[in-house]
Amino acid sequence: MTATAPTSVEHAADVDDMYVIHRVFRRELPALAEAVRGVRTTAHVRIVAGHLELVLAGLHMHHSGEDAIVWPLLTERCPGEVDVVRCLESQHEGIALAAEAVDARLAGWATTPIPAYRDELADAIDELTAVLTTHLALEEEEGLPLMRRSLTADEWAQVGTHGRTSMSSKQLPLLFGMLLEGATPEEAAKLSAELPPPVRLYLQTLGARRYRRYIAEVRSI
């Protein structure tokens with residue numbers, strides 16, 4: 001049986017973490033287009049290619065959780081806003097196609113980083129950034145208020161769990177590091193509090209050091 005929508009503020013979804021997630025993509029994709037255009041060595045090509053693969057994986061994880069959990073619930077509970085929900089779903093399809101175009105060009109550039117492949121990949125990242133930015137703006141303006149008033153805290157927790165369980169042990173500290181990089185101290189504390197204590201301790205110590213080394217290599221153009 002589908003859970004009912006929240007009946008009080010205490011049981012409503014706290015969707016503020018979405019703003020932190022969105023900052024990652026708004027920051028990393030333009031930076032990656034710049035990195036692709038500016039890369040100078042074969043070794044750095046591999047590093048930038050690996051980071052782009054990670055960001056694309058993070059985007060897929062993020063959107064797959066919404067597709068599996070959020071949109072069906074909003075469609076059921078917000079019949080008066082169904083056009084907004086369908087638009088957000090449709091935008092996911094366009095984003096997926098743009099991400100596939102990036103992925104297709106990434107393989108050629110990573111193995112043969114000639115100027116033509118470099119420019120094709122950077123342009124594809126720019127196109128992905130454009131369609132994604134449009135989606136994020138609509139989601140923040142209209143989608144998140146719907147989620148906040150229509151989903152329960154438990155249902156929202158399922159979205160977070162979906163994302164964490166979709167990550168590998170190698171991806172987790174890097175993706176979490178990207179989140180914390182753009183988070184305020186208050187946001188970082190909230191994100192960390194949602195994690196099991198052993199995972200939280202690892203991400204705040206060894207995982208944090210690993211992320212700092214990793215992102216320094218990515219940005220060392």
Shape descriptor, region 59-107: equivalent ellipsoid semi-axes (Cα gyration tensor, sqrt 5λ, whole Å, largest first) stand at 26, 11, 5
Solvent-accessible area per residue for the chain at a 1.4 Å probe radius, Å²?
51 Å²
Debye, to nearest 20: dipole size of the chain, +1 on Lys, Arg Cβ, -1 on Asp, Glu Cβ:
1300 debye
Show that you can apply the helix-only estimate: for the chain, add -39,500 (n - 2.57) for every DSSP H stretch of four or more residues, divide by all residues, and state [θ] at 222 nm to the nearest 500.
-25000 deg cm²/dmol
Dipole of region 17-161 (Lys/Arg Cβ +1, Asp/Glu Cβ -1, origin at the Cα centre): which of 80, 138, 58 lies farthest to the positive side?
58
Over all distinct alpha-carbon pairs, what is the Kirkwood Rh of region 133-202 in angstrom?
13.8 Å
Suppose a student asked you for the relative contact order of region 1-152, using Cα pairs under 8 Å spaced at least 6 residues apart; what percent would you report?
44 percent
Taking the Cα centre of region 128-221 as origin, work out the dipole magnitude from +1 charges on Lys and Arg Cβ and -1 charges on Asp and Glu Cβ, in debye rounded to 20.
660 debye
Could you tell me the convex hull volume per residue, in Å³, taken over the Cα atoms of region 57-150?
80 Å³
Approximate shape of the chain as ellipsoid semi-axes (Cα gyration tensor, √5λ), whole Å, largest first:
32, 22, 13
Could you work out what % of the accessible surface of region 85-134 is carbon and sulfur, using a 1.4 angstrom probe and leaving DNA, RNA and ligands out of the count?
55 percent
Check: region 99-178 dipole with +1 on Lys, Arg Cβ and -1 on Asp, Glu Cβ, in debye:
440 debye
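The values are calculated or read from the model by the stated rules, or taken from the named source; none is laboratory data. None of these values were measured; they are calculated from a predicted model. All Cβ positions, even for glycine, are placed from backbone atoms using ideal geometry, and neighbour counts span all protein chains on display. Accessible surface is based on the protein model in full, side chains and every heavy atom, while ligands, DNA and RNA are left aside. Shrake-Rupley method; radii C 1.70, N 1.55, O 1.52, S 1.80 Å.
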